[in-house]
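Taking it in order: structure first as C-alpha coordinates, then the write-up.
The values are calculated or read from the model by the stated rules, or taken from the named source; none is laboratory data. Please read all numbers here as calculations on a predicted model, not as lab measurements. All Cβ positions, glycine included, derive from the backbone under ideal geometry; neighbour counts span all protein chains shown. For the accessible areas, the whole protein counts, side chains as well, though only heavy atoms, and no ligand, DNA or RNA atoms are used. Shrake-Rupley method; radii C 1.70, N 1.55, O 1.52, S 1.80 Å.
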Amino acid sequence: MRKIDPARQHERRRQILAAAAECFAEHGFHATSTAQICARAGMSPGNLFHYYASKAEIIEALIASDTEALRERQQGADAEPDARAALTRWVGHNLAQYQDPAFVRLGMEVLAEAVRNPRVHALVMANEAERKAALTALLTAVWRPLPPDALPRPVAEMADLLLLLLDGIYSRSVVDPRFDAAAGGRLLDGALQGCLPPLPGGHGKTGKGTTGEGA
(Lines give C-alpha, C1' and ligand atoms only; values in the text may rest on other atoms or scores of the structure.)
Protein backbone atom coordinates (compact mmCIF):
# COMPACT_ATOMS: atom_id res chain seq x y z
CA MET A 1 0.00 0.00 0.00
CA ARG A 2 1.36 3.41 -0.99
CA LYS A 3 2.16 5.62 1.98
CA ILE A 4 0.08 8.81 2.20
CA ASP A 5 2.13 12.01 2.28
CA PRO A 6 0.04 14.65 4.16
CA ALA A 7 2.34 17.48 3.05
CA ARG A 8 1.98 16.50 -0.60
CA GLN A 9 -1.80 16.19 -0.26
CA HIS A 10 -1.95 19.63 1.34
CA GLU A 11 0.12 21.11 -1.48
CA ARG A 12 -2.06 19.47 -4.13
CA ARG A 13 -5.20 20.86 -2.50
CA ARG A 14 -3.60 24.30 -2.31
CA GLN A 15 -2.64 24.02 -5.99
CA ILE A 16 -6.21 23.13 -7.00
CA LEU A 17 -7.73 25.94 -4.95
CA ALA A 18 -5.30 28.52 -6.35
CA ALA A 19 -6.09 27.41 -9.91
CA ALA A 20 -9.83 27.37 -9.27
CA ALA A 21 -9.75 30.84 -7.70
CA GLU A 22 -8.06 32.23 -10.80
CA CYS A 23 -10.53 30.51 -13.14
CA PHE A 24 -13.60 31.57 -11.14
CA ALA A 25 -12.36 35.18 -11.05
CA GLU A 26 -11.71 35.18 -14.80
CA HIS A 27 -14.71 33.25 -16.12
CA GLY A 28 -17.24 33.02 -13.29
CA PHE A 29 -18.14 29.98 -11.22
CA HIS A 30 -20.71 28.43 -13.53
CA ALA A 31 -18.84 29.23 -16.76
CA THR A 32 -15.66 27.58 -15.47
CA SER A 33 -15.26 23.92 -16.38
CA THR A 34 -13.34 21.36 -14.38
CA ALA A 35 -11.18 20.91 -17.48
CA GLN A 36 -10.12 24.55 -17.21
CA ILE A 37 -9.24 24.11 -13.54
CA CYS A 38 -7.26 20.95 -14.34
CA ALA A 39 -5.36 22.72 -17.10
CA ARG A 40 -4.53 25.67 -14.82
CA ALA A 41 -3.49 23.33 -11.99
CA GLY A 42 -1.51 21.07 -14.34
CA MET A 43 -3.24 17.84 -13.34
CA SER A 44 -5.64 15.25 -14.72
CA PRO A 45 -9.41 15.26 -13.97
CA GLY A 46 -8.97 12.01 -12.05
CA ASN A 47 -6.39 13.66 -9.82
CA LEU A 48 -8.62 16.67 -9.20
CA PHE A 49 -11.67 14.56 -8.37
CA HIS A 50 -9.54 12.57 -5.92
CA TYR A 51 -9.46 15.72 -3.78
CA TYR A 52 -12.75 17.45 -4.67
CA ALA A 53 -15.83 15.70 -6.01
CA SER A 54 -17.33 18.82 -7.63
CA LYS A 55 -16.92 22.53 -8.29
CA ALA A 56 -19.30 23.14 -5.37
CA GLU A 57 -16.85 21.39 -3.04
CA ILE A 58 -14.05 23.53 -4.42
CA ILE A 59 -15.84 26.80 -3.73
CA GLU A 60 -16.72 25.56 -0.24
CA ALA A 61 -13.04 24.73 0.31
CA LEU A 62 -12.03 28.21 -0.90
CA ILE A 63 -14.27 29.83 1.72
CA ALA A 64 -13.04 27.47 4.45
CA SER A 65 -9.44 28.25 3.47
CA ASP A 66 -10.10 31.98 3.73
CA THR A 67 -11.70 31.51 7.14
CA GLU A 68 -8.66 29.55 8.32
CA ALA A 69 -6.39 32.32 7.05
CA LEU A 70 -8.48 34.81 9.05
CA ARG A 71 -7.92 32.76 12.20
CA GLU A 72 -4.18 32.49 11.59
CA ARG A 73 -3.86 36.25 11.09
CA GLN A 74 -5.85 36.83 14.25
CA GLN A 75 -3.55 34.54 16.22
CA GLY A 76 -0.61 36.59 14.99
CA ALA A 77 -2.40 39.82 15.91
CA ASP A 78 -3.21 38.51 19.39
CA ALA A 79 0.50 37.89 19.95
CA GLU A 80 1.39 41.42 18.79
CA PRO A 81 2.37 43.58 21.81
CA ASP A 82 1.24 46.76 20.04
CA ALA A 83 -2.54 46.43 19.66
CA ARG A 84 -2.78 49.73 17.80
CA ALA A 85 -0.29 48.57 15.16
CA ALA A 86 -2.03 45.19 14.89
CA LEU A 87 -5.40 46.87 14.30
CA THR A 88 -3.96 49.21 11.67
CA ARG A 89 -2.35 46.28 9.85
CA TRP A 90 -5.61 44.30 9.97
CA VAL A 91 -7.56 47.14 8.38
CA GLY A 92 -4.79 47.75 5.85
CA HIS A 93 -4.69 44.09 4.86
CA ASN A 94 -8.45 44.01 4.28
CA LEU A 95 -8.32 47.25 2.30
CA ALA A 96 -5.56 45.84 0.06
CA GLN A 97 -7.65 42.73 -0.61
CA TYR A 98 -10.69 44.82 -1.51
CA GLN A 99 -8.60 46.86 -3.94
CA ASP A 100 -7.40 43.69 -5.72
CA PRO A 101 -9.62 43.19 -8.82
CA ALA A 102 -9.14 39.40 -8.84
CA PHE A 103 -10.11 39.15 -5.16
CA VAL A 104 -13.17 41.33 -5.76
CA ARG A 105 -14.33 39.28 -8.75
CA LEU A 106 -13.89 36.01 -6.86
CA GLY A 107 -15.76 37.44 -3.88
CA MET A 108 -18.70 38.42 -6.06
CA GLU A 109 -18.84 34.88 -7.46
CA VAL A 110 -18.86 33.47 -3.93
CA LEU A 111 -21.65 35.83 -2.84
CA ALA A 112 -23.71 34.97 -5.91
CA GLU A 113 -23.34 31.27 -5.19
CA ALA A 114 -24.25 31.87 -1.53
CA VAL A 115 -27.67 33.13 -2.66
CA ARG A 116 -28.33 29.81 -4.43
CA ASN A 117 -26.49 27.30 -2.25
CA PRO A 118 -27.39 27.00 1.47
CA ARG A 119 -24.07 25.30 2.32
CA VAL A 120 -22.09 28.11 0.71
CA HIS A 121 -24.33 30.68 2.44
CA ALA A 122 -23.60 29.11 5.85
CA LEU A 123 -19.85 29.15 5.17
CA VAL A 124 -19.96 32.80 4.09
CA MET A 125 -21.88 33.74 7.24
CA ALA A 126 -19.32 31.90 9.39
CA ASN A 127 -16.50 33.68 7.55
CA GLU A 128 -18.11 37.07 8.18
CA ALA A 129 -18.61 36.22 11.85
CA GLU A 130 -14.90 35.40 12.16
CA ARG A 131 -13.98 38.67 10.46
CA LYS A 132 -16.13 40.78 12.77
CA ALA A 133 -14.96 38.88 15.86
CA ALA A 134 -11.33 39.49 14.87
CA LEU A 135 -11.88 43.21 14.38
CA THR A 136 -13.88 43.51 17.61
CA ALA A 137 -11.10 41.74 19.55
CA LEU A 138 -8.48 44.13 18.15
CA LEU A 139 -10.56 47.20 19.00
CA THR A 140 -11.16 45.84 22.50
CA ALA A 141 -7.41 45.34 22.99
CA VAL A 142 -6.67 48.88 21.82
CA TRP A 143 -9.12 50.44 24.29
CA ARG A 144 -8.51 48.04 27.18
CA PRO A 145 -6.09 50.34 29.11
CA LEU A 146 -8.66 53.15 29.19
CA PRO A 147 -11.84 53.48 31.25
CA PRO A 148 -15.10 52.54 29.48
CA ASP A 149 -16.34 56.14 29.43
CA ALA A 150 -13.34 57.12 27.29
CA LEU A 151 -14.70 55.22 24.28
CA PRO A 152 -16.26 57.48 21.61
CA ARG A 153 -18.86 54.74 20.92
CA PRO A 154 -19.31 51.05 21.82
CA VAL A 155 -16.66 48.73 20.38
CA ALA A 156 -19.31 46.81 18.41
CA GLU A 157 -20.38 50.05 16.69
CA MET A 158 -16.76 50.91 15.86
CA ALA A 159 -16.35 47.47 14.30
CA ASP A 160 -19.54 47.95 12.27
CA LEU A 161 -18.38 51.38 11.08
CA LEU A 162 -15.06 50.05 9.79
CA LEU A 163 -16.67 47.00 8.20
CA LEU A 164 -19.32 49.14 6.51
CA LEU A 165 -16.62 51.32 4.95
CA LEU A 166 -14.55 48.30 3.89
CA ASP A 167 -17.59 46.63 2.36
CA GLY A 168 -18.56 49.93 0.73
CA ILE A 169 -15.15 50.21 -0.92
CA TYR A 170 -15.57 46.63 -2.10
CA SER A 171 -19.03 47.16 -3.59
CA ARG A 172 -18.29 50.58 -5.15
CA SER A 173 -15.30 49.09 -6.96
CA VAL A 174 -17.71 46.60 -8.55
CA VAL A 175 -20.54 48.93 -9.61
CA ASP A 176 -18.67 52.19 -10.32
CA PRO A 177 -15.72 52.02 -12.74
CA ARG A 178 -14.82 55.63 -11.86
CA PHE A 179 -14.68 54.94 -8.14
CA ASP A 180 -11.55 56.45 -6.58
CA ALA A 181 -10.16 53.65 -4.43
CA ALA A 182 -7.49 55.95 -2.98
CA ALA A 183 -10.18 58.38 -1.82
CA GLY A 184 -12.07 55.46 -0.31
CA GLY A 185 -8.91 54.46 1.53
CA ARG A 186 -8.58 57.97 2.96
CA LEU A 187 -12.17 57.88 4.19
CA LEU A 188 -11.41 54.55 5.85
CA ASP A 189 -8.28 56.02 7.43
CA GLY A 190 -10.31 58.87 8.87
CA ALA A 191 -12.81 56.44 10.37
CA LEU A 192 -10.00 54.29 11.78
CA GLN A 193 -8.38 57.27 13.47
CA GLY A 194 -11.74 58.08 15.06
CA CYS A 195 -11.77 54.55 16.50
CA LEU A 196 -8.33 54.90 18.12
CA PRO A 197 -7.51 56.55 21.45
CA PRO A 198 -5.13 59.54 21.28
CA LEU A 199 -1.44 58.71 21.62
CA PRO A 200 0.01 59.64 25.01
CA GLY A 201 1.36 63.18 24.76
CA GLY A 202 0.18 63.37 21.17
CA HIS A 203 -2.23 66.31 21.66
CA GLY A 204 -5.06 64.39 20.09
CA LYS A 205 -3.05 62.71 17.32
CA THR A 206 -3.76 59.03 16.88
CA GLY A 207 -0.80 57.89 14.78
CA LYS A 208 -0.42 56.45 11.29
CA GLY A 209 -3.36 55.17 9.30
CA THR A 210 -3.65 52.32 6.86
CA THR A 211 -1.80 54.33 4.20
CA GLY A 212 1.05 55.08 6.60
CA GLU A 213 0.21 58.76 6.84
CA GLY A 214 -0.03 60.54 10.17
CA ALA A 215 -3.48 61.52 11.32
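What about Glu80, is it modelled with pLDDT under 95 and not β-branched (Val, Ile, Thr)? Lay out the reasoning, then the answer.
Values: modelled with pLDDT under 95: yes; not β-branched (Val, Ile, Thr): yes.
Yes.
Every residue, every condition in (1) under 15 Å from the mean Cα position of the chain (by Cα); (2) in a helix (DSSP H, G or I); (3) within 18 Å of Gln9 (Cα to Cα), yes or no:
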residue: Phe24; (1), (2), (3): no, yes, no
residue: His30; (1), (2), (3): no, no, no
residue: Ile37; (1), (2), (3): no, yes, yes
residue: Met43; (1), (2), (3): no, no, yes
residue: Glu80; (1), (2), (3): no, no, no
residue: Trp90; (1), (2), (3): yes, yes, no
residue: Leu95; (1), (2), (3): yes, yes, no
residue: Gly107; (1), (2), (3): yes, yes, no
residue: Val115; (1), (2), (3): no, yes, no
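Please go through (1) charged (D, E, K, R); (2) surrounded by 15 or more Cβ atoms within 10 Å (Cβ to Cβ); (3) closer than 23 Å to Phe179 by Cα for Glu113 and return the number of the only condition it doesn't satisfy.
With respect to (1) charged (D, E, K, R); (2) surrounded by 15 or more Cβ atoms within 10 Å (Cβ to Cβ); (3) closer than 23 Å to Phe179 by Cα, Glu113 is out only on (3).
So which residues in segment 154-177 are β-branched (Val, Ile, Thr) and open to solvent by less than 40 Å² (accessible area, probe 1.4 Å)?
Answer for segment 154-177, where residues must be β-branched (Val, Ile, Thr) and open to solvent by less than 40 Å² (accessible area, probe 1.4 Å): Val155, Ile169.
Scan segment 139-151 and give yes if some residue there is open to solvent by 30 Å² or more (accessible area, probe 1.4 Å) and acidic (Asp, Glu), otherwise no.
Yes: segment 139-151 contains one or more residues that are open to solvent by 30 Å² or more (accessible area, probe 1.4 Å) and acidic (Asp, Glu).
When Leu188 is evaluated against the numbered criteria (1) farther than 20 Å from Gly107 by Cβ; (2) surrounded by 11 or more Cβ atoms within 10 Å (Cβ to Cβ); (3) of a type in the set (A, V, I, L, M, F, W, C), which criterion, by number, is the only one it fails?
Unmet for Leu188, out of (1) farther than 20 Å from Gly107 by Cβ; (2) surrounded by 11 or more Cβ atoms within 10 Å (Cβ to Cβ); (3) of a type in the set (A, V, I, L, M, F, W, C): (1).
Output the number of residues of segment 124-138 satisfying the condition of being within 20 Å of Asp100 (Cβ to Cβ) and open to solvent by 60 Å² or more (accessible area, probe 1.4 Å).
1
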